[in-house]
Amino acid sequence: MTKLLAAAAAVARPQIDARCAHCGERLPSAAPTTFCCVGCATAHDVIAGLGLARFYDRFRLDPNVRRLRPNGDIAVDYTAHCRVGANGETRLHLMIDGLHCAACVWLIESVLARDSRIVDGRVNLTTRRLSLAWRGPASDAGQFVASIGALGFRLVPYDPAVLARDGDAQERELLRALAVSGFAAANVMLLSVSVWAGHAEGMGTATRDLMHWLSALIALPAVAYAGRPFFRSALASLAAGRANMDVPISIGVALAAAISLFETTRSGSHAYFDSAITLVFFLLIGRYLDAKARGKARTAAEQLVGLASRAVTVVRSDGGFEARVPASVKPGETIFVAAGERIGVDGRIVDGISDVDQSLVTGEIGPVIAPAGTPVFAGTMNLSAPLRIEATASGDDTLLAEIVRLIEAAERSRGRFNVLADRVARRYAPVVHITAFSTFLGWWLLAAAPWPTALLNAVAVLIITCPCALALAVPVVQVAATGRLMRRGVLVKSGTALERLNDVDTIVFDKTGTLTLGRPTLTNVAKICADDLAAAAGLARASRHPLARALVAAAPIGAAAPCVEEIPGQGLRRITERGEERLGNRRFCGVADSRKPGAGPELWLSRPGRAPTRFAFADRLRPDAAETLALLRAAGYSIEILSGDRKEVVAAIARDLDVDNWNAEHDPAAKTRRLEALAREGRRTLMVGDGLNDAPALAAAHVSMSPSSAVDVSQNCADVVFQGEFLTPVVETLRLARRARRLVMQNLAIALTYNLAAVPLAILGHVTPLIAAVSMSSSSLVVIVNALRLQRGEER
Amino acid sequence: MNSLLILIPLAILLGLIGLAAFLWALRTGQFDDLDGAANRILFDEDDDRPRR
């Protein structure tokens, strides 16, 4: 065991860049341990203690992925989510936060397998969910969840019935229908080919009838089963008084099957069973791809539950502490928040002074000094000293919950986007009906043909015009485009995102974390003498403050200074033989400097007998921000910056990036209002942003993108998520969206041309089942091949 | 032509077996976690039961 531990430590601790052996957080280089915090040490002990230290070797060594640190969640009551099965097993479904790769799956399952009570503990890596079954009372759930929570994963219970209602069930039904229709289409086609060959070779009537009857036997039940998605949708649309694309599809398929059966009973020479079932098969492919793309989008609210389920320490009237669920805290109660803890309720500080990191709520870096009386919000982080907070709101009344409501409202108001394929279908459907009906009337009345012949020709028109290629045109391009983007680290979550990206004429960027990297860096390192830097870093190593961390990161390796005292909201100090050393804000270090404060945050170092030194920090721009914005401007988009940060900071960034349109000091609601105002002006906006404060704005924009460094929630509301330090994915995605649009148009043109060419033949009664099958399959194949061109082709 | 009376039902039967196998796989959740399944092969002590 010790050997394993040492090995894990050695892996995580190369010479220059010491990192926490559990979460990979960078360590102060002279730290006595290999862990960044007690939580990580505990998690590492648990893992190593179970003999599972191999986890650290298996874990994909991606420096950007951090394992979650355990954060001391309390036991939420899980019993309400447990279901007792018929066999006496209790089952609980959980969503897992912090699951990155197969190693995490292995770790969780191995830990669960060690508990003899557990009969089934299986992690689904695709959906990031855990299904847990055990023998015993529901009250055991807390223990199991705690044992996984100790590893650094966060678990949130969910009700599978609620989630399965919409997406999963529909996708499964389509896949089943696809399998049945595929089987039937292949077999009926087999029989049909022999019938077609028989027409040329002189097959006997009895044999042909046998083939037709066999085809009917396979095709009719298959059409009835696999066609249900279309029939249902057609009936629903007729009931609503509209005709969507499923109406001609349903009529075509049903009529083709019926007339073929009729022909078979009177021993006719042509039957369209193969067309009917192949039609259903091709259409289902398009429908399935569509559903699959849609299913990837997940709701934002799901993940937010996780944020709300953290423990809150309530101070009882007798002075004792008690851990409770945030929602149960009543306004007026006092809660205690230790340094480094997240604040669980909205409230006002009654005792203590600290630095509070509000980035989750405001999206801006740089903590705020919070003395007694300062209002604080749920979701913010208390950095430097313990606080007592009087709750003013909790649960549904917090700012966090308010933001969730804003997201939901904005998503509702965006409403149903009118997809191109639907618009085409709405125009196309009536034309099909009229053509088929006139064909029937023409043959029956004008050409005085018997009604079965007239009907057969009308059915041929319906089959030929049936929009197989049309239905495939859009989803196939979409799958090809999202596949290509996925390989470049861009995840398209919404099925209609690519189409909506095409309409965009205005791009709105958030500042912090989007245009910038979202963390402070020391900017004037060249002007500081090495001795000052080393001394400042020595002091800074004692603090969790983001500026102190940035200073340490910029300094060479050294030891932490002893006996450092942190004064919240002011800085760090320590007494040496020669006097007092201080690192902190301007006033704290006694700097009587009349210069205007710079644009960014700063720290000062004062040492006895020396002039104070200034350390300036800035949130650096992403390396390619200027280039990306220039490219976008050149492509004709109008650019705007929308930030919650202070005016001077935003103005400086806007100047650097040459952006004229900028708005500062916008809170989430104001951002949403700004986007709504743009929409009223008739602009189609692409919002690029991260942070919880951007989430409503992302939902309110016409289409939205979010960097993957962003808080989970904003990723969830965004239509597109991109990875990495660069902004160029925005340009690439927009370009690909344009190419995809071109291909969709080409595909629609190809599909319509095919139909137009074949319709006259059908009206004249020359379309035999053979011709119908060939034209249908070939047009579908051409459309698919055309869409696959998107996978190759020029990179830029 | 008599051979058809055996071959056609045989062909359809084989197709039906394939279809049944696929529907079975779908129902028992073989396609639920494609990412996980791809990685699970690398675990030493994994069992191959699908998630129930």
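Observations
- Residue match in the range A:247-260 (condition: touching a residue at least 12 places away in the same chain (Cβ under 8 Å), part of a helix (DSSP H, G or I), within 14 Å of chain B (Cβ to nearest Cβ) and surrounded by fewer than 24 Cβ atoms within 10 Å (Cβ to Cβ)): no
- Some residue of the range A:777-791 being in contact with a helix residue (DSSP H, G or I) (Cβ under 7 Å, 6 or more places away or on another chain), assigned to a helix (DSSP H, G or I) and surrounded by fewer than 13 Cβ atoms within 10 Å (Cβ to Cβ): yes
- Filtered residue count, the range A:130-159, keeping only those that are within 25 Å of the chain's Cα centre (by Cα), surrounded by fewer than 22 Cβ atoms within 10 Å (Cβ to Cβ) and either within 14 Å of chain B (Cβ to nearest Cβ) or more than 23 Å from B:D32 (Cβ to Cβ) (or both): 2
Rundown of residues vs (1) at the interface with chain A (Cβ under 9 Å from one of its Cβ atoms); (2) at pLDDT below 90; (3) surrounded by 14 or more Cβ atoms within 10 Å (Cβ to Cβ); (4) more than 18 Å from the chain's Cα centre (by Cα), yes/no style:
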residue: B:N2; (1), (2), (3), (4): no, yes, no, yes
residue: B:I8; (1), (2), (3), (4): yes, yes, yes, yes
residue: B:L13; (1), (2), (3), (4): no, no, no, no
residue: B:L19; (1), (2), (3), (4): yes, no, yes, no
residue: B:T28; (1), (2), (3), (4): no, yes, no, no
residue: B:R40; (1), (2), (3), (4): yes, yes, yes, yes
residue: B:F43; (1), (2), (3), (4): yes, yes, yes, yes
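- Wholly enclosed strands (runs of 3 or more DSSP E) of the range A:504-594 bearing at least 3 residues of a type outside the set (A, V, I, L, M, F, W, C): A:516-522, A:571-576, A:579-584
- The range A:261-277, residues that are in a helix (DSSP H, G or I), among the aliphatic types (A, V, I, L, M) and closer than 20 Å to A:A197 by Cβ: A:I277
- Subset of the range A:171-196 (residues that are within 11 Å of chain B (Cβ to nearest Cβ), surrounded by fewer than 19 Cβ atoms within 10 Å (Cβ to Cβ) and more than 24 Å from A:L289 (Cα to Cα)): A:L190, A:S194
- Residues satisfying the stated conditions in the range A:483-500, i.e. farther than 12 Å from A:A718 by Cβ and in contact with a helix residue (DSSP H, G or I) (Cβ under 8 Å, 6 or more places away or on another chain): A:G483, A:R484, A:L485, A:R488, A:G489, A:G495, A:L498, A:E499
- Pick from the range A:90-109, criterion over 20 Å from A:G136 (Cβ atoms) and at the interface with chain B (Cβ under 9 Å from one of its Cβ atoms), ranking: surrounded by the fewest Cβ atoms within 10 Å (Cβ to Cβ): A:C101
- The range A:225-256, subset at pLDDT 85 or above and of a type in the set (K, R), residue farthest from A:Y428 (Cα to Cα): A:R228
- Filter result for A:L472 (under 30 Å from A:V688 (Cα atoms) and either in a helix (DSSP H, G or I) or at pLDDT 85 or above (or both)): no
- The strands (runs of 3 or more DSSP E) found wholly in the range A:61-141 and carrying at least 2 residues that are at pLDDT 80 or above and over 22 Å from A:L50 (Cβ atoms) occupy A:89-97.
- Hey, A:A526 in contact (Cβ under 8 Å) with a residue 24 or more places away in the chain and either surrounded by fewer than 24 Cβ atoms within 10 Å (Cβ to Cβ) or β-branched (V, I, T) (or both) or not: no
The values are calculated or read from the model by the stated rules, or taken from the named source; none is laboratory data. Everything numeric here is computed off the predicted structure, so don't read it as measured data. Ideal geometry is used to build each Cβ from the backbone, glycine not excepted, and the neighbour counts take in all protein chains shown.
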